[in-house]
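Every number in this text was worked out from the coordinates using simple rules, so none of it is lab data. This structure is a prediction, so every number in the text was calculated from the model and none was measured. Here the Cβ positions follow ideal geometry from the backbone for every residue, glycine too, while neighbour counts run over all protein chains shown.
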Amino acid sequence: MTTATTASSSPPSSSASFSASTSPAASTLVDLDSTDSGGLGLGNVSSAGAAAGLRLRLNAPGVDDYSEDLSPAQSDVSTAVSPAPSLLRLDALHSPDAQYKPLGFLSGSSRNSAADSLTTKTKTKSKSKDKKRLKSPILDALKLPPLSEISIPRPVQIKFAPLHIPPHRRWQTAAVAIWALLMPICVIIFFFLVSLPFLWPIIIPYVIWINWVDKAYLHGGRPRKWARNFVGWKYFAQYYPCSIVKEAELPPDKRYVFGYHPHGIIGMGALATFATEATGFGEYYPGIKPHLLTLDSNFKIPIYRDLLMALGMGSVARRSCTNILAQGPGSAITIVVGGAAESLAAHPGTHDLTLKKRFGFIKVAIREGADLVPVFSFGENDIYDQLANEKGSTVYKLQKRFQKVFGFTLPLFHGRGIFNYNYGLLPFRHPIVAVIGRPIATEQCREPTQEMVQEVHQQYITELVRIWDKYKDLYAQNRTRELRVVE
């Protein structure tokens, strides 16, 4: 005895049927006729006897009869046909493997008249708790991931700071914000003063002074004790916070060249450590007079240049280095060796040092007989996020071209804001620990040979790597890779 059930069918003009039947003892028949849209309907087939076999049969105009025998385990199936590729999918009830069989029995013209494709899915009714989700035949054919596995990015949600925050943290944020915006603030103030005609007798001589007369930036600036001890620097250093780890004594009867690594985006740790007394540099190394060096262009900005020189900052030009070290015992310069090139590699969790081809500071130390002191600043690269700019990318090429034209680079970075935690130009709060290593003595030589320079350079790198290996598990726990010395 055979039972037949007919699924939704279309007009007889385009008919195709897909039937299923079991053994004579118990059988079920489903007819699926093609629709005008080229697809077939859906029917469910079930067996009256668990042990009965099942036969699937396709009938279509101009197509030879095709049948497929299924095992008793496949006695409960569902059939579905889609305009997807011409594949008939037969999934066993208790088998996780899906088998695809091409409809090779159809000729080219018959395949178009019958249907674009046939797909058969197994409808799992296992009592096991771990049921496998059936995949879309279209996604299978296109080799795309399931929709449930596609991650759709959400818009950036700004996390605002709470209203009730301890006053000292407000002061810390204010100190960092003022320094970060100090350059544009000084420019705005200057142009405002220029707009007042009664101040022109003062403004004009000042412009002439800073551009053609004043060369103090080539001699270590005009350091002022009150400027280095200004209370605002205390809040500036506590914001991250910044601190010093002292590895060895530095006698004040010698001269020193500090090499600071890595550069980071701006070098906030270098400013707090060597241009202010916020971290207690004078207490750790009494008698040492540090001068943090930067680009000449910073000393062309009105008002801003005078504030820098009051902190003892000077030009990083070779003549400036020589002039400062010639001031006698206790004189010290700090050079952020990696420079603009290293700032482009400043990504959180990474420590790529641009050092292999940097010999200028080594030559300066040998010519002046100064000791070299490596400084590794843990956390300097973690206070800003930077746009991905791998070498060879369009962003990297544009940044290098900008550097060639203007002498400095322009990292595309972001940090936090004044009133939020994840969007803005202020640095993130992350500890910055400057480990000041052991001094490397040099023998003074006005014309050092290449062999002498390379030997001292290798000693310097060895000391820097030693600092990294000693403190990385303490201060660089979030690193994504190990220290790399490049270029």
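Before moving on, here are some points about what is shown:
- Residue ranges 440-453, 276-289, 305-318 sort as 305-318, 276-289, 440-453 when ordered by packing (mean number of other C-beta atoms within 10 Å per residue, highest first).
- Packing order of peptides 243-251, 331-339, highest average first: 331-339, 243-251 (average count of other Cβ atoms within 10 Å over each peptide's residues).
- Lys/Arg +1, Asp/Glu -1 at C-beta; region 384-457 dipole; positive extreme among Thr409, Pro431, Ala441: Thr409
- Cβ crowding within 10 Å ranks Ser320, Ser297 as Ser297, Ser320, fewest other Cβ atoms first.
- Phi-based couplings in Hz for region 259-276 (Karplus 6.51, -1.76, 1.60; Gly and Pro marked x): x, 9, 9, x, 5, x, 6, 10, x, 5, x, 5, 4, 5, 7, 10, 9, 9
- Long-range HN-HN contacts of Val245 with modeled amide H, under 5 Å: Ala434, Val435, Ile436
- Taking amide hydrogens as placed 1.01 Å from N in the peptide plane, the amide H of Ile440 sits under 5 Å from those of Leu372, Val373, each at least 5 positions away in sequence or on another chain.
- Taken about its Cα centre, region 167-486 carries a charge dipole of about 580 debye when Lys and Arg each add +1 at the Cβ and Asp and Glu each add -1 at the Cβ.
- Restricting region 362-403 to GluC sites (Glu not before Pro) that sit in a DSSP loop and have at most 16 other Cβ atoms within 10 Å of their own Cβ leaves Glu390.
- Between amide H atoms placed 1.01 Å from N, distances below 5 Å from Leu353 occur with Arg484, Val485, Val486, all of them 5 or more places distant or on a separate chain.
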